[in-house]
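Colleague: Questions regarding the structure given below will be posed in turn.
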Amino acid sequence: MKFSSSFFPTQKEVPVDATIPSHILMLRAGLIRPLAAGIYSHLPIGQRVMLKVMQIIREEMNAIGGQELFLPALNPLELWQETGRVDDFGDIMFHVKNRPMVLAPTHEEVICSIAKNFLRSYRDMPQIWYQIQTKFRNEPRPRSGVLRGRQFVMKDAYSMDTSWEGLDESYDKHAEAYKKIFARCGLKFFIVGASSGAMGGSGSQEFMVESPSGEDTCAVCSNCGYAANVEVAESNIPPLPRSDNNPELEDIHTPNVRTIDELVEFLNVPAEKLAKSLVYMQNNETPILVLMVGNDVLNETKLASALGGNIRPMHPDEIEPLTGAHSGSLGPVGLKNFKIIADNRLKDANGLVSGANKDDYHIGNIDIKRDVNLDGYYDLREVKEGEACVECGNQLRVVNAIEIGHIFKLGTKYAEDLKAYFLNEKGDEQPIIMGSYGIGVERIIASYIEQNHDENGIIWNKTIAPFHIHLIGLNMKNEMVREASENVYQLLIDNGYEVIFDDRDDVSAGVKFKDADLLGMPLHIIAGEKNLRDGNVETKVRGTGERSVVAIEDILNKIEKLDY
Ligand code: ATP
Ligand code: MG
């Protein structure tokens, strides 16, 4: 492809709205252009990468027996009402104004509606169906470029099985395919156990790329490889010790003391002796009080998984009428009409201090067993950096990460809601057992750039690079340079290389070099007057900066041997 006649709109300036490297570089290198918040056009250079990534995905999905199909993005609202997911998605789902239609954020419903008409016997399964298609989600704050778009391309796959063992097999196949896909794309990734959230189902894992730009937080162990989203991660942290000395409750006057830190200071006791009380509402009707140790952080996803239903923090104006006090003075002792739960670390603990449900008062010597009408203990705390790994005891790191793929064992929820039943070997009706498996195509690309760039631009690998080679003709007004570089271009193309040829005659060498580094093709070949006079060109490996001067007649040989 010749630069002079192509649409490669590179730009020097850092775009104003972009803050993370992949977003900045995708804009500057002309891969994408924004149309509106969270909505991007893929320009020719970007589309080439999209197509390469999609091809890798196709090959690996086909290799596990996946069959590609293509489903409509425009769906009848009614279909989504049958599974109750219009409410689950809420504002995330785009609704069409002049018809009862929605833009699909995912495709379990459509798949199930097809499956139920055709997978009627156990003999019709297992099946794996997948598509690479556009999804629509009204993400509240799309600010990380294509990492979180309102319109984005997803590879979504669905497995239909007749038994739970069959589901396990389909799930494992996808896990293996995903590892191959991400490895082939050149991503360094790890796999975490995830919360299944609103999707329901029995098992789920996320494929993660460590990056400061990631919106997920994961605990990872560099020693044994344990990794989990903080929404489910655990650490080896001992419960509080129970003391034999168990005095009676005492009221403590604590004027203007609200936070755990203030209480530590005021009472001069360690934070571990304090039970922090947090208040939530379940399904807008059941008040919940959650007890946590001192400064432990409650993870709201863990809370939602523990309790089920819709969980939200209690509004400030709801607290006083229900408890008799304001936040900062709340506690579990004598609290009526609340469901009270505690983090596992507080198991049977005593000698605790918590709020008295009376402003400016706390209660001391609380024994959870004796004094609290508890509904149960759950793992609710968020793992902190440096805590011991549950598997090996090594220190955990807590890192930001980008979710690039997600595999779910859905089970029978969708089949039951949409009445997708088949006849099993005994002739009995049984719901189809489903799995669903997603990969964000743009997220692969943005994550790759997050992991592979320097201050000058992107550093592509051979596999997903828009072009393999960036050929730079230095002074194209010079007849000899023009002719020689045209010849090299033709030679490379004839030998199967994808080449971008900077044949512009109206920009300086400096601009060409800057563009080449920004665009980031893995191998650069520079054709300049000085070298050409001796029949040579210069090669530069973008990743390492390694340069060499090569005879044109040797160039094919040399490229074969170069590690780029
Ligand atoms: P997130 O938690 O980041 O919002 P999700 O868990 O809702 O993502 P899934 O429903 O599991 O996403 O979708 C499967 C895959 O689609 C994700 O692993 C991710 O790679 C991609 N994806 C999801 N939402 C977006 C988005 N808004 N923009 C780009 N890719 C996305
Ligand atoms: Mg997900």
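Colleague: Of all DSSP beta bridges in segment 250-378, what percent run antiparallel (nearest 5)?
Modeller: Once the DSSP bridges in segment 250-378 are tallied, antiparallel ones form about 70 percent.
Colleague: Do the alpha carbons of any pairs in 347/409; 477/514; 116/179; 339/384; 52/558 sit beyond 29 Å of each other, and which pairs?
Modeller: 347/409; 116/179
Colleague: Here's another thing I want to ask about it. Run through every distinct alpha carbon pair of segment 146-305 and return the Kirkwood hydrodynamic radius in angstroms, one decimal place.
Modeller: Value: 20.3 Å, from the Cα pair sum.
Colleague: Could you tell me the calculated FRET efficiency between residue 493 and residue 315, based on Cβ-Cβ distance and R0 = 60 angstrom, to the nearest 0.05?
Modeller: 0.35
Colleague: Moving on. Which whole-number percent of Cα pairs in segment 88-169 have a distance greater than 20 Å? Walk me through the numbers before you get to the answer.
Modeller: Details: 1597 of 3321 pairs.
Considering segment 88-169, 48 percent of its Cα-Cα pairs are separated by more than 20 Å.
Colleague: Stretch residue 375-residue 7 to full length: gain in nm at 0.36 nm per residue minus the Cα-Cα span?
Modeller: Working: separation 368, 0.36 × 368 = 132.48 nm, distance 6.40 nm.
Here the answer is 126.1 nm.
Colleague: Work through the residues other than residue 250 whose Cβ is under 14 Å from its Cβ and net out their charges, Lys, Arg +1 and Asp, Glu -1.
Modeller: With Lys, Arg at +1 and Asp, Glu at -1, the net is -1.
Colleague: Computed from the mean reciprocal separation of all distinct C-alpha pairs, what Kirkwood hydrodynamic radius does segment 465-561 have, in Å?
Modeller: Over segment 465-561, the inverse of the mean reciprocal pair distance is 13.1 Å.
Colleague: While we're here: Rank these for me by crowding, 161, 379, going from fewest to most other beta carbons within 10 Å.
Modeller: On the way: 161 23, 379 15.
Final ranking by Cβ density, sparse to dense: 379, 161.
Colleague: Quick one: if you take sqrt(5λ) for each eigenvalue of the C-alpha gyration tensor of segment 30-123, what semi-axes come out, biggest first, whole angstrom?
Modeller: 28, 24, 9
Colleague: Continuing with the same structure: In debye, nearest 20: dipole of segment 57-139 around its Cα centre with unit charges on the Cβ of K, R (+) and D, E (-)?
Modeller: 260
Colleague: Follow-up question, since we're still on this one. What nm value, rounded to one decimal, do you get for the distance between residue 141 and residue 71 when each label is placed 7 Å out toward the C-beta?
Modeller: 3.1
Colleague: Could you tell me the distance between the Cα centroids of segment 82-110 and segment 277-329, to the nearest Å?
Modeller: 30
Colleague: Additional query: Using modelled backbone amide H atoms (1.01 Å from N, in-plane), which distant-in-sequence or interchain residues come within less than 5 Å of residue 347's amide H?
Modeller: Here the answer is 240, since their amide H atoms fall under 5 Å of that of residue 347.
Colleague: Tally Lys and Arg at +1 and Asp and Glu at -1 over the other residues with C-beta under 10 Å from the C-beta of residue 280: what net charge comes out?
Modeller: Details: positive: 312, 339; negative: 300.
Local net charge: +1.
Colleague: Can you find, among 66, 41, 376, the residue sitting farthest towards the positive end of the charge dipole of the chain, where Lys and Arg contribute +1 and Asp and Glu -1 at Cβ?
Modeller: 41
Colleague: What do you get for GluC sites (Glu not before Pro) in segment 507-564 restricted to DSSP loop and a cutoff of at most 16 other Cβ within 10 Å of the site's Cβ?
Modeller: Taking segment 507-564 and a limit of 16 other Cβ atoms within 10 Å, the loop GluC sites (Glu not before Pro) found are 546.
Colleague: Distance between the C-alpha centers of segment 149-174 and segment 236-253? Whole Å please.
Modeller: Going from one Cα centre to the other spans 48 Å.
Colleague: For the chain, which DSSP H helices look membrane-span-like by this rule: Cα extent along the axis of 18 Å or more and mean Kyte-Doolittle of at least -1.0?
Modeller: TM-like helix candidates: 44-63, 479-494.
Colleague: So how far apart, in nm, are the two label points at residue 385 and residue 419 if each is 7 Å from Cα heading toward Cβ?
Modeller: The answer from the label model is 5.6 nm.
Colleague: Please give the charge dipole size of the chain, origin at the Cα centre, charges +1 on K and R Cβ atoms and -1 on D and E Cβ atoms. Round to the nearest 20 debye.
Modeller: Magnitude of the dipole: close to 1320 debye.
Colleague: Need one number: % antiparallel among DSSP beta bridges in the chain, to the nearest 5.
Modeller: Details: 89 of 111 bridges.
Expressed as a percentage, antiparallel bridges in the chain total about 80.
Colleague: Compute the FRET efficiency between residue 284 and residue 98 as 1/(1 + (r/R0)^6), taking r as their Cβ-Cβ distance and R0 = 35 Å, and round to the nearest 0.05.
Modeller: On the way: r = 32 Å, r/R0 = 0.91.
For R0 = 35 Å, the calculated efficiency reads 0.65.
Colleague: Compute the longest continuous run of the chain that contains no exposed trypsin sites (Lys or Arg not before Pro); treat a site as exposed when its DSSP state is not H, G, I, E or B and it has at most 10 other Cβ atoms within 10 Å.
Modeller: The answer is 98-335.
Colleague: Moving to a separate point now. Which FRET efficiency value, to the nearest 0.05, do you get for residue 428 and residue 336 by plugging their Cβ-Cβ distance into 1/(1 + (r/R0)^6) with R0 = 56 Å? Walk me through the intermediate numbers first.
Modeller: Numbers: r = 49 Å, r/R0 = 0.87.
Once the sixth-power term is evaluated, E becomes 0.70.
Colleague: First obtain the Kirkwood hydrodynamic radius of segment 390-467 from its Cα pairs, then insert it into the Stokes-Einstein equation at 20 °C and 1.002 mPa s, and state the resulting D in µm² per second as a whole number.
Modeller: 124
Colleague: Expected output is a single nm value to one decimal: the length gained when fully extending between residue 475 and residue 223, i.e. 0.36 nm times separation in residues minus the C-alpha distance. What is it? Please report the intermediate quantities before stating the final value.
Modeller: Values: separation 252, 0.36 × 252 = 90.72 nm, distance 5.35 nm.
Computed gain between residue 475 and residue 223 is 85.4 nm.
Colleague: Each label point is 7 Å from the Cα along the Cα-to-Cβ direction; what then is the distance between the points at residue 248 and residue 176, in nm?
Modeller: 6.9
Colleague: Just going by the charge dipole of segment 250-378, with Lys and Arg at +1 and Asp and Glu at -1 on Cβ, which of 321, 289, 268 is farthest out on the positive end?
Modeller: Value computed over the given set: 289.
Colleague: Can you give the convex hull volume of the alpha carbon atoms of segment 231-301 per residue, in Å³?
Modeller: Considering the Cα atoms of segment 231-301, their hull volume per residue is 147 Å³.
Colleague: Kirkwood Rh over Cα pairs of segment 250-378 into Stokes-Einstein at 4 °C, 1.567 mPa s: D in µm²/s?
Modeller: For these conditions, the coefficient is 90 µm²/s.
Colleague: List the cysteines of the chain that have no other Cys Cβ closer than 4.7 Å: which are they?
Modeller: Lone cysteines by the Cβ rule: 112, 185, 218.
Colleague: Could you pull the Cα extents of the chain along its three principal axes, largest to smallest, in whole Å?
Modeller: Answer, in whole Å and largest first: 97, 66, 50 Å.
The numbers here are math on the coordinates, done by the rules we state, and not lab data. Please read these numbers as outputs of a predicted model, since none were measured by experiment. Methodologically, a virtual Cβ is constructed for each residue, glycine included, from the backbone with ideal geometry; neighbour enumeration extends over all protein chains shown.
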